[in-house]
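To start, the structure itself, in structure tokens.
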Amino acid sequence: MARETAEQKPVKVKVKTDIRDGQNKETFEFTTFGRYYTKAESSYLQYEEVLEEGTIKTIVKLSSKEALILRSGAINMRMVFRLHKRLRGSYRSPYGTLEVMTNTQRMEHFFNEEEMTGQLELLYDLTMQGAKTGTYHMIITFEEDN
């Protein structure tokens, strides 16, 4: 029985997030290293983020219709994105689990196999426990790390 093995490519990852809440705008940016691979009908990007609170392992799963971001470690979060849909997710902290809701306005992703570069762009409204926390514009770019 043949088993599908996904070739994992080492990548350099840049994550930039702009958060707008009314007139206020905050930008968070960081660069890290991770792995990119495809399995079945989906592509996966894995990377780690080191914060004061500890390390967060992130897995981004991309398919033709949706994106899923799973974060575990210092923060545990599950967010699902599908264009023009409100989808439920969760944010788990030491104080309990909160419901989050994403409402995706833009979701574009591509991967250039020849150049080994890719990008995911998400524009979404985030609601936590029923209260809107802002509009998020996240761009994750990655390229093969030689």
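The values are calculated or read from the model by the stated rules, or taken from the named source; none is laboratory data. Not measured: the values here are computed from a predicted model. Methodologically, a virtual Cβ is constructed for each residue, glycine included, from the backbone with ideal geometry; neighbour enumeration extends over all protein chains shown. Please note that ligands, DNA and RNA were not included when accessible areas were found on the heavy atoms of the full protein model with its side chains. Shrake-Rupley method; radii C 1.70, N 1.55, O 1.52, S 1.80 Å.
Which ones in the stretch 24-54 are among the small types (Gly, Ala, Ser) and at pLDDT 95 or above?
34
Hey, any hits in the stretch 82-104 for a residue that's in contact (Cβ under 8 Å) with a residue 40 or more places away in the chain, within 21 Å of residue 27 (Cα to Cα) and open to solvent by less than 50 Å² (accessible area, probe 1.4 Å)?
no
Do we have any residue at all in the stretch 88-109 that's at pLDDT 90 or above and within 21 Å of residue 7 (Cβ to Cβ)?
Narrowing the stretch 88-109 to residues at pLDDT 90 or above: 88-92, 97-109.
In the following step, the residues that additionally are within 21 Å of residue 7 (Cβ to Cβ) were identified as 109.
Yes, the conditions are met somewhere in the stretch 88-109.
For the stretch 111-131, enumerate the residues that are farther than 15 Å from residue 18 by Cα, in contact with a strand residue (DSSP E or B) (Cβ under 6 Å, 6 or more places away or on another chain) and in a strand (DSSP E or B).
Of the residues in the stretch 111-131, the ones farther than 15 Å from residue 18 by Cα are 111-119, 127-131.
Filter again for in contact with a strand residue (DSSP E or B) (Cβ under 6 Å, 6 or more places away or on another chain), leaving 111, 116-119, 127-129.
Listed by number, the residues that qualify are 111, 117, 118, 119, 127, 128.
Considering only residues of the stretch 122-139 that are more than 16 Å from residue 24 (Cβ to Cβ) and in contact with a Ser or Thr (Cβ under 9 Å, 6 or more places away or on another chain), which is most open to solvent (accessible area, probe 1.4 Å)?
Keep residues of the stretch 122-139 that are more than 16 Å from residue 24 (Cβ to Cβ), which gives 122-124, 127-130, 138-139.
Within this subset, residues satisfying the condition of being in contact with a Ser or Thr (Cβ under 9 Å, 6 or more places away or on another chain) are 122-124, 127, 138-139.
Values: 122: 0, 123: 36, 124: 5, 127: 25, 138: 27, 139: 51 Å².
My answer is 139.
Please report, ordered by residue number, the strands (runs of 3 or more DSSP E) entirely within the stretch 1-84 with at least 2 residues that are farther than 14 Å from residue 138 by Cα and among the hydrophobic types (A, V, I, L, M, F, W, C). Break it down stepwise before answering.
Working: elements: 9-21, 24-39, 42-51, 54-62, 66-73, 76-82.
Because the criterion is at least 2 residues that are farther than 14 Å from residue 138 by Cα and among the hydrophobic types (A, V, I, L, M, F, W, C), the strands (runs of 3 or more DSSP E) in the stretch 1-84 that meet it are 42-51, 54-62.
Condition check: β-branched (Val, Ile, Thr) and without any contact (Cβ under 8 Å) to a residue 60 or more places away in the chain. Does residue 60 satisfy that? If you could, list the steps in order and put the result at the bottom.
On the way: β-branched (Val, Ile, Thr): yes; without any contact (Cβ under 8 Å) to a residue 60 or more places away in the chain: no.
No; evaluated as a whole, the condition is false for this residue.
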